[in-house]
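Structure first, commentary second.
The values are calculated or read from the model by the stated rules, or taken from the named source; none is laboratory data. Quick caveat: nothing in here was measured; it's all calculated off a predicted structure. Note: ideal-geometry Cβ built from the backbone for every residue, glycine included; neighbour counts use all protein chains shown.
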Amino acid sequence: MPTPIRAITRRRFRARLFAWLVCRVVILPELDCVARLIRTRSGYHGLACGDSKKGTASVSKQYYGDHVRKVEEQIMNILSIDVGGTNVKVLATGQRESRKIPSGPTMTPELMVSEVKKIAKDWLYDAVSIGYPGAVSKGRIANEPHNLASGWVTFDFEEAFGVPVKLINDAAMQALGCYEGGLLLFIGFGTGLGSALVADGTVVPMELGHLSFKNGTIEDYVGLRGLERLGKKKWRRYVAYTINRLTETLRPDEIVLGGGNSKKLKELPPRCRLGNNAYALTGGFRLWDPATVHVPLMPANAIKSADDEHAAIG
């Protein structure tokens, strides 16, 4: 039986090691790319970092093709789609109120497109933005979702909708919608855990929720399943731990907490503000802004899991 002093020392060691692993394995490779983009201001492998004051982004033809580029150069109506584990929300240019359909484990991409077309049949749109609850690499879905049915990786959304489509991680889309400048860390507490970083207008999506933690992943403790299993009090403790570790590692200027469950927090940590799910739909509109060029999204294999023992709270 360890003494209290040794127990405290062990907890501190594990916490620091966890922060180091997150920084070393997940954050630093992406921030290195971001830093080079910001320094050059003229591009990295053909990509340019755009106007940071606007905080908007569009996607280069390197990943989406000339047909998308042509649409970007025109004034258009956009259908913004935020795919979540509980609901799919949609909003079109010029509309005041969003609409939604239920999702869940039976939601396939075919069903999503079909249902979205039904509820948006009276809206006009020339292009579509989709915020996807998972990793997106080079404009394509990199892996199947954890809270929906399968079939998303190989699905052709452009063929299904009949218009150009841009895909982005859902947390990144929401971060893009609420970005005002500086270094912004977005953490979304919904069905799962979403996370994204925006540095000088450059969006860096991150799937930190899938890092190993105790007997599962971080998402298992701070997502909806964790909330239902642990209860609010213990869930809030894990949420506070997650925010503290990410804040110590990234040192952002501002932290935005999004997702429906963020409202269940009793008090907000320092430098945090509550976001709004509407920001995701706004981010979908900003995604087609031709003023800037979007940085390529994180490759699917960029995120590795930290060891359970090292990532555990003592």
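Summary of values
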| item | result |
| --- | --- |
| Test: residue in the stretch 143-153 that is within 17 Å of L281 (Cβ to Cβ) and of a type outside the set (K, R) | no |
| Unique match (being touching a helix residue (DSSP H, G or I) at 6+ places or on another chain (Cβ under 9 Å), assigned to a strand (DSSP E or B) and not charged (D, E, K, R)) among S129, S114 | S129 |
| All positions within the stretch 184-215 that are surrounded by fewer than 24 Cβ atoms within 10 Å (Cβ to Cβ) and acidic (D, E) | D200 |
| Enumerated strands (runs of 3 or more DSSP E) restricted to the stretch 157-222, each holding at least 1 residues that are touching a helix residue (DSSP H, G or I) at 6+ places or on another chain (Cβ under 9 Å), among the small types (G, A, S) and on the phi < 0 side of the Ramachandran plot | 183-189, 193-199 |
| Yes/no for A199 being touching a residue at least 12 places away in the same chain (Cβ under 8 Å) and not assigned by TED's automatic domain parsing to the domain that holds R236 | no |
| Positions within the stretch 164-183 being touching a residue at least 40 places away in the same chain (Cβ under 8 Å), in contact with a strand residue (DSSP E or B) (Cβ under 8 Å, 6 or more places away or on another chain) and surrounded by fewer than 24 Cβ atoms within 10 Å (Cβ to Cβ), in sequence order | P164, C178, E180, G182, L183 |
| From the options A149, A160, A171, residue that is among the small types (G, A, S) and modelled with pLDDT under 90 | A171 |
| Those residues of the stretch 177-198 which are more than 10 Å from G209 (Cβ to Cβ) and under 9 Å from the mean Cα position of the chain (by Cα), in sequence order | F186, A196, L197 |
| Of the criteria (1) over 29 Å from T242 (Cα atoms); (2) aliphatic (A, V, I, L, M); (3) more than 19 Å from the chain's Cα centre (by Cα), which one L230 fails | (1) |
| Which listed residue, of S114, S137, is among the small types (G, A, S) and free of Cβ contacts under 8 Å to residues at least 24 places away in the same chain | S114 |
